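Colleague: Shown below is the structure under consideration.
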Amino acid sequence: MRSSLRTARVSRGALAVFAAGALALAAAGCSGDDGNGGGKNGGTPGPGGSSRPAQSVELPRLDGQKLKVTAVWTGTEQKNFTKVLEEFTRRTGVRTEFVPSGDDMAAFIGSKIAGGDPPDVAMLPQVGVLHEFAKKGWVKPLSAAAEGQLAKNYSKGWQELGSYEGKRYGVYYKVSNKSLIWYNTKLFDDAGAKEPATWREFLAQAQLIADWGVTPVSVGGADGWTLTDWFENVYLSQAGPEKYDQLAQHKIKWTDPSVRSALTTLGTLFGKRDLLAGGGEGALNTAFPDSVTQTFAGGAKAKAAMVFEGDFAAANVADARAGLGTDAKVFPFPAVGAKSPVVTGGDVGVALKNSRAAQALLTFLASTDASRIWAQQGGYVSANKNLDLGAYPNPVLRKIASALIAAGDDFRFDMSDQAPASFGGKPGQGEWKYLQDFLINPKDVAGAQRKLEADAAKAYQD
């Protein structure tokens, strides 16, 4: 999940601090990493290594050509992506210019196309925008060379996410793991709490912490997108991937019994006010960054013991002056059904102009060579299954990346980012609005379903 609107939710440039930390993540599929990597391209040097690894992809010489590349990235993220573009220039002769899009990528691209001067390549942070652009004919299908790298290095699920009506358009170059719960180790230890594996155990440990005298869970309900993430993880684990796909495409209604079950499950947390920092009203008035910092600021005097969100929450943990791997650790989102969910988000590269240079850049982005460059800098996770895990600068990122790769095609992309923006990505309406209402009144499951379905039907034009 990171739509163009989600950029405002957390300082994307601050994610680089994640690379400096270390934490324990015991996720399904994260087995036996010895810290030396375990990928297929052995011999990858570390971030400070002087040797250059063998090239995995051949690119054409296109001296004198120019490319404009746009993304929502700023700060450290922009700096690290610029290193990728510099290597592309070194190997092809193409001169690149990075153009920040601002938070609303769809509006930025639309204005540029209307003005007759779109960028050559865009990194779209929402799959729904890719589909919208493909439907309008704004994006160009991948070349044979780009498709070849994509098929070689990415699972079928990631290939299909970058497709529309059977055609491959995009390369998911940068992704995130959004199925993590962060916890204050001091409060956990003092309360005698343990990392839970299931939703039932999660609620039991939360109650244990509450009985000890500390509020167990911090929820950033002021940002409606966090509530969509809560719902998606519960729904994927409980209803399963097929139902998840159907609901994401509005092939089943939000009045479906599977939605009722997921909301009812979520209500077992939201309905217990002593488990939420500030109760329902307090959660509704807590912004996402604050939900993280109040979980860790002050150590043993923090206002809550746990907070849910993706790997990008590490930036806010650092803001609270908590040590990753010592003061702050994570565990996978607890299993509601048979297993823990893996919900992801990401940025997909697409060509807005069908030039050799644009297609060469997408070919490069689909390769292990391009993924390795940013991985070595930190603050980055790749879905490239052939990237040597040794490219990541610490065990934290290796384990998170390993878990994502191990999920194969069982992961699911953020549901609200797949929806039309009017339903899945706008403050004060659609999912954001009605899940905020549900946070305040979790007993009204049927009412929440009716409101969600009414807005979904309008957005999907059913």
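Colleague: For the pairs Lys253/Lys433; Lys136/Lys243; Lys194/Lys339, flag any whose C-alpha to C-alpha distance is greater than 20 Å.
Modeller: Working: Lys253/Lys433 18 Å; Lys136/Lys243 28 Å; Lys194/Lys339 18 Å.
Where the Cα-Cα span goes over 20 Å, the pairs concerned are Lys136/Lys243.
Colleague: Here is a further query. Which order do Val336, Val69 take by accessible area at a 1.4 Å probe, largest first?
Modeller: Working: Val336 35, Val69 0 Å².
Putting Val336, Val69 in descending order of accessible area: Val336, Val69.
Colleague: Quick test of the membrane-span-like rule: which DSSP H helices of the chain reach at least 15 Å along their long axis (C-alpha atoms) with mean Kyte hydropathy at least -1.0?
Modeller: On the way: long enough: 75-92 (26 Å, -1.33); 199-212 (20 Å, 0.00); 224-239 (22 Å, -0.21); 257-270 (19 Å, 0.71); 395-406 (16 Å, 1.28); 430-440 (16 Å, -0.19); 445-460 (22 Å, -0.36).
Helices meeting the criterion: 199-212, 224-239, 257-270, 395-406, 430-440, 445-460.
Colleague: Would you mind working out the accessible area per residue for the chain, using a 1.4 Å probe, and quoting it in Å²?
Modeller: Numbers: 17120 Å² over 462 residues.
Averaged over the residues of the chain, the accessible area is 37 Å².
Colleague: Can I ask one more? To check you understand DSSP bridge types, tell me what percent of the beta bridges within the chain (both residues inside) are antiparallel, rounded to 5.
Modeller: Values: 22 of 37 bridges.
Close to 60 percent.
Colleague: Could you list which residues have their amide H under 5 Å from that of Tyr164, counting only those 5 or more apart in sequence or on another chain, with H placed in the peptide plane?
Modeller: Result for Tyr164 returns Tyr169.
Colleague: Lys167 accessible area, nearest 10 Å², 1.4 Å probe?
Modeller: Counting only protein heavy atoms, Lys167 exposes about 110 Å² to solvent.
Colleague: On to the next question. For Glu86, Glu242, write out the residues from largest to smallest accessible area, computed with a 1.4 angstrom probe and no ligands counted. List each step's numbers first, then the result.
Modeller: On the way: Glu86 115, Glu242 145 Å².
Sorted by accessible area, descending: Glu242, Glu86.
Colleague: Further question: Using a 1.4 Å probe on the protein heavy atoms only, what accessible surface does Lys353 show? Give it in Å² to the nearest 10.
Modeller: In the full protein context, Lys353 sits at about 70 Å².
Colleague: Taking 8 Å as the Cα distance limit and 6 or more residues as the minimum spacing, I'd like the relative contact order of the chain as a percentage.
Modeller: Rounded, it is 30 percent for the chain.
Colleague: Which whole-angstrom value gives the distance between the alpha carbon centres of the range 416-432 and the range 314-366?
Modeller: Distance between centres, Cα-based: 20 Å.
Colleague: Would you compute, from DSSP H runs of 4+ residues alone, the mean residue ellipticity of the chain at 222 nm, taking -39500 (n - 2.57) per run and dividing by the full residue count, rounded to the nearest 500?
Modeller: -13000 deg cm²/dmol
Colleague: Around Tyr172, which amide H atoms from residues at least 5 apart in sequence, or from another chain, sit under 5 Å from its own amide H, with H modelled in the peptide plane?
Modeller: HN-HN under 5 Å from Tyr172: Gly349.
Colleague: Tell me which residues come under 5 Å, amide H to amide H, from Leu324 once H is placed; ignore anything under 5 positions away on its chain.
Modeller: Here Ala22 satisfy the definition.
Colleague: Please report, as a whole percent, how much of the solvent-accessible surface of the range 360-423 comes from carbon and sulfur atoms (probe radius 1.4 Å). Walk me through the numbers before you get to the answer.
Modeller: Working: 550 of 1180 Å².
Accessible surface attributable to carbon and sulfur in the range 360-423 totals 47 percent.
The values are calculated or read from the model by the stated rules, or taken from the named source; none is laboratory data. Just so it is clear, the model here is predicted, and its values are computed rather than measured. Note: areas computed on protein heavy atoms with side chains; ligands, DNA, RNA excluded. Shrake-Rupley method; radii C 1.70, N 1.55, O 1.52, S 1.80 Å.
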